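The values are calculated or read from the model by the stated rules, or taken from the named source; none is laboratory data. Since the structure is predicted, the reported quantities are computational estimates derived from the model, not experimental observations. Here the Cβ positions follow ideal geometry from the backbone for every residue, glycine too, while neighbour counts run over all protein chains shown. Surface areas here come from the heavy atoms of the whole protein model, side chains and all, with no ligands, DNA or RNA. Shrake-Rupley method; radii C 1.70, N 1.55, O 1.52, S 1.80 Å.
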Amino acid sequence: MSLNVFLFPELEHTMRESRGTGVFPSQRIQEFIASGRIAAATPVEPKQIQPASLDLRLGPVAYRVRASFLPGRFATVEEKIKELGMTEMDLVAGAVFEKRCVYIVLLQEELRLPENISAKANPKSTTGRLDIFTRLITDFGTEFERVPSAYKGRLFAEVVPRTFSVRVRQGMSLNQVRFVRGNPRSLGGEKTVGERHEEDPLAFAPDDSPADSEFRHGLPISIDLAGKGGQEIVGYKAKSHAPLIDLSLVNHYDPGEFWEPIRSTRKIILNPDDFYILVSKEKVRVPPDLAAEMVAYDPSIGEFRIHYAGFFDPGFGHDVAEGKGTNAVLEVRSHEVPFVIEDGQVVGRLVYERLTETPEKIYGPKIGSSYQSQGLSLSKQFRRNPEPSL
């Protein structure tokens, strides 16, 4: 009996069944590694395998380029680097990526996908919380963050630090990839997400009652600017001209050097040049047999982008506080113009996706997950107990 059946005995039957379409769980990713469909010169480490995704590692070399690009159907990434490249950088000893500059990094992993399997990528949570804009690129690629079915070849990351300059090294993981068969957002003949929520709530209000939500285009996520239980600080705005951040350091930096607190209020004005860390009113829960993804930009709800790190793993918020969920931390940046957001305003949607089967690894502290019991939380590089002056 696996660990997760022991933790969640009600899932034993589900784990034995494999759906025809959906996102691949951890054990199927492990099979891809064993069969050579995921390959790397340096063997993939177990810690890279997440409940429904694989962390991708930076290779030994990065290139600063003049502009972001897509190779298109007739070019490789290497050919574009030769055309647009400015500087080659050694990541073995570590290098500084300056903010607002564009870098291309060859990743250590390569893919050899079968005909019916595609992949999609997203930045990791820590990457998003530092406002590091990261996108996956493939040879002959026509869109970011997507790997077409039957793709065989190398993977590259475009990295653009937007707020802080950062020090990176070979082997670090800034983004992650999910493997998909068919349409994971179609639940087929199963219950709809809304019906699942009615029977076993997927989101909770601040008072821990089930959230009264419509799941028409995903779970609506609203912003908490009022704070609960007398909470004074409800968000953070990044400071301009902050010091360098070494991504290898954990629980190290004083938040006061990098962030200005946002105190309880009814509304704030988002400045297009600023980056904000805010938190949802809802506490969300992703059952172990589902995955979820935050819709990063939806023009129907406002001119701003939320949540660079769009993947929510199976088990997120599931085994916390008697199953009452975990707040979603949102990385927010306005587009082009100042934009007012008010307490309780819907700022995004969380879309649930089916898995082909329940993962053998579930998100949480047992596998080293950093944000399972989070409230308002900065990235792991910052000290968890900031000075009172913050």
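Yes or no, residue by residue, for (1) β-branched (Val, Ile, Thr); (2) open to solvent by less than 40 Å² (accessible area, probe 1.4 Å); (3) assigned to a strand (DSSP E or B); (4) closer than 26 Å to Ser379 by Cβ:
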{"residue": "Glu78", "(1), (2), (3), (4)": "no, no, no, no"}
{"residue": "Thr87", "(1), (2), (3), (4)": "yes, no, yes, no"}
{"residue": "Thr126", "(1), (2), (3), (4)": "yes, yes, no, yes"}
{"residue": "Arg135", "(1), (2), (3), (4)": "no, no, yes, yes"}
{"residue": "Gly141", "(1), (2), (3), (4)": "no, yes, no, no"}
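Going by what's in this entry, would Ala211 be described as modelled with pLDDT under 90, more than 30 Å from Ile245 (Cβ to Cβ), open to solvent by less than 20 Å² (accessible area, probe 1.4 Å) and within 24 Å of the chain's Cα centre (by Cα)? Please lay out each step first, then the result.
Working: modelled with pLDDT under 90: yes; more than 30 Å from Ile245 (Cβ to Cβ): yes; open to solvent by less than 20 Å² (accessible area, probe 1.4 Å): yes; within 24 Å of the chain's Cα centre (by Cα): yes.
It is true that Ala211 is modelled with pLDDT under 90, more than 30 Å from Ile245 (Cβ to Cβ), open to solvent by less than 20 Å² (accessible area, probe 1.4 Å) and within 24 Å of the chain's Cα centre (by Cα).
Does at least one position in the range 192-201 carry a residue that is open to solvent by 50 Å² or more (accessible area, probe 1.4 Å), farther than 21 Å from Lys124 by Cα and β-branched (Val, Ile, Thr)? Talk me through it step by step, then tell me what you get.
Of all residues in the range 192-201, those open to solvent by 50 Å² or more (accessible area, probe 1.4 Å) come to 192, 195-196, 198-200.
The next check asks that each one be farther than 21 Å from Lys124 by Cα; those that pass are 192, 195-196, 198-200.
Now restrict to residues that are β-branched (Val, Ile, Thr): 192.
Yes - at least one qualifying residue is present in the range 192-201.
Kindly indicate the residue of the range 114-124 that is part of a loop (DSSP other than H, G, I, E, B) and in contact with a strand residue (DSSP E or B) (Cβ under 8 Å, 6 or more places away or on another chain) and also farthest from Ser173 (Cα to Cα) among those meeting that condition.
Filtering the range 114-124 for residues part of a loop (DSSP other than H, G, I, E, B) gives 114-117, 124.
Those still in the list that are in contact with a strand residue (DSSP E or B) (Cβ under 8 Å, 6 or more places away or on another chain) too: 116-117, 124.
Values: Asn116: 27, Ile117: 23, Lys124: 8 Å.
Only one residue tops the list, namely Asn116.
Among the residues of the range 352-371 satisfying the criterion of being out of contact with any Leu (no Cβ under 8 Å at 6 or more places or on another chain) and closer than 16 Å to Leu290 by Cβ, which is modelled with the lowest pLDDT? Outline the logic, then answer.
Within the range 352-371, the first condition is being out of contact with any Leu (no Cβ under 8 Å at 6 or more places or on another chain), and the residues that meet it are 356-357, 359, 361, 363-365, 367-371.
Pick out the ones that are also closer than 16 Å to Leu290 by Cβ and you get 356-357, 359, 361, 363-364.
Values: Thr356: 93, Glu357: 93, Pro359: 94, Lys361: 88, Tyr363: 79, Gly364: 69.
So the residue we want is Gly364.
Collect the residues in the range 99-124 that are more than 22 Å from the chain's Cα centre (by Cα) and either open to solvent by less than 10 Å² (accessible area, probe 1.4 Å) or under 15 Å from Arg167 (Cα atoms) (or both), keeping them in residue-number order. Lay out the reasoning, then the answer.
Here is the first cut: in the range 99-124, the ones more than 22 Å from the chain's Cα centre (by Cα) are 112-116.
Leu113 - this is the single residue of the range 99-124 that is more than 22 Å from the chain's Cα centre (by Cα) and either open to solvent by less than 10 Å² (accessible area, probe 1.4 Å) or under 15 Å from Arg167 (Cα atoms) (or both).
Take Glu145 and tell me if it is open to solvent by 10 Å² or more (accessible area, probe 1.4 Å) and either touching a residue at least 24 places away in the same chain (Cβ under 8 Å) or among the small types (Gly, Ala, Ser) (or both). Spell out the reasoning first.
Values: open to solvent by 10 Å² or more (accessible area, probe 1.4 Å): yes; either touching a residue at least 24 places away in the same chain (Cβ under 8 Å) or among the small types (Gly, Ala, Ser) (or both): yes.
Criteria met by Glu145.
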